[in-house]
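To start, the structure itself, in structure tokens.
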Amino acid sequence: NLFRRAQFQLAAHELRQLPADRGAEIAFAGRSNAGKSSALNTLCDQTGLARTSKTPGRTQQLVVFTLDADRRLIDLPGYGYAKVPEALRDHWRKVIDQYLSDRQSLRGVVLIMDSRHPLKDFDRMMLTFCRDIGLPCHVLMTKVDKLSRGEAARTLQQTRKEMGLLCPDATAQLFSSLHKIGVDEARATLAQWLNA
Ligand code: GDP
């Protein structure tokens, strides 16, 4: 399992601090508290890899995890903290837009959404952006353990339908870090991107 080999490499405050732009990498994006750190830890089968932290300041970095010599996972800063000053939010939005647009080794974005609150403004923006630049996007609708089976199926169907209008090629699945639901399915998509 490639993902079990994930290791923290560095936290970048600017794009020029990122490792050389070769090989293949996958970026993880999501609103703060959506469950992104937990999803990264679950996919990599490691408890303390990505920090599940509620401190806003700490999230304003791009964190690089290496899988092997030329494949990486990138944890993008979370959005949605009221406490983060607006100027800083704008700055990071530009940094992320530039990263997503220019990074040659980027194979796709994993967008983490809380399955109880899907398709918030940030998610819509990210899906539209991926469509505009032709970047693959796979949505993990996480914390699905908090929904009944029926609710989960309905919200997946509804979200896929709405996503189809924003970003027709994007895919979505149910996920739970707590109950380890959808882990193999997510790993399969990521592995396909990294091996393509
Ligand atoms: P991040 O800010 O997006 O990195 O979110 P975290 O991974 O830190 O998770 C935010 C909160 O949601 C934490 O209290 C987690 O324990 C909780 N959480 C994350 N994933 C799940 C899940 O799959 N199920 C449940 N029930 N809680 C989750």
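Each reported figure results from applying straightforward, stated rules to the coordinates on display, with no laboratory input. Remember, predicted model here, so these are calculated numbers, not experimental data. Glycine gets a Cβ as well: all are built from the backbone with ideal geometry, and neighbour counts include every protein chain shown.
For region 104-196, the square roots a ≥ b ≥ c of the C-alpha gyration tensor eigenvalues yield an a/c of 1.5 or more together with a/b not exceeding b/c, which makes the shape oblate. Taking the centroid of alpha carbons for each part, region 166-185 and region 119-147 are 10 Å apart.
Amide H contacts under 5 Å for Val139: Leu111, Thr171, Ala172, Gln173, restricted to partners 5 or more places along the chain or on a different chain, H placed in the peptide plane at 1.01 Å from N. Amide H contacts of Leu10 (H built 1.01 Å from N, in plane; Pro and chain starts excluded): Val64 sit under 5 Å, all sequence-distant by 5 or more or on other chains.
With Cα atoms defining each centre, region 88-113 and region 16-34 are spaced 7 Å apart in the structure. Over the residues of the chain, the helix contribution to mean residue ellipticity at 222 nm works out to -11500 deg cm²/dmol, using -39500 (n - 2.57) for each DSSP H run of at least 4.
Using the Karplus relation 6.51 cos²θ - 1.76 cosθ + 1.60 with θ = phi - 60°, the per-residue 3J(HN,Hα) values for region 113-120 come to 10, 5, 5, 7, 9, x, 6, 6 Hz, with x marking Gly and Pro.
Shown for the chain: cysteine residues without a partner Cβ closer than 4.7 Å, namely Cys44, Cys167.
Given 0.36 nm per residue, what is the gain on full extension from Ala11 to Ala188 after removing their alpha carbon distance, in nm? The partial results should precede the final answer.
On the way: separation 177, 0.36 × 177 = 63.72 nm, distance 2.63 nm.
So the extension gain works out to 61.1 nm.
Tally the DSSP beta bridges in region 2-195 and give the antiparallel ones as a percent, rounded to 5. Let's see the in-between values first.
Working: 11 of 33 bridges.
Given both bridge residues lie in region 2-195, the antiparallel proportion sits at roughly 35 percent.
Its relative contact order, with pairs defined as Cα atoms under 8 Å and 6+ residues apart, puts region 2-195 at 24 percent.
With Cα atoms as the point set, the radius of gyration and Dmax of the chain evaluate to 15.5, 46 Å.
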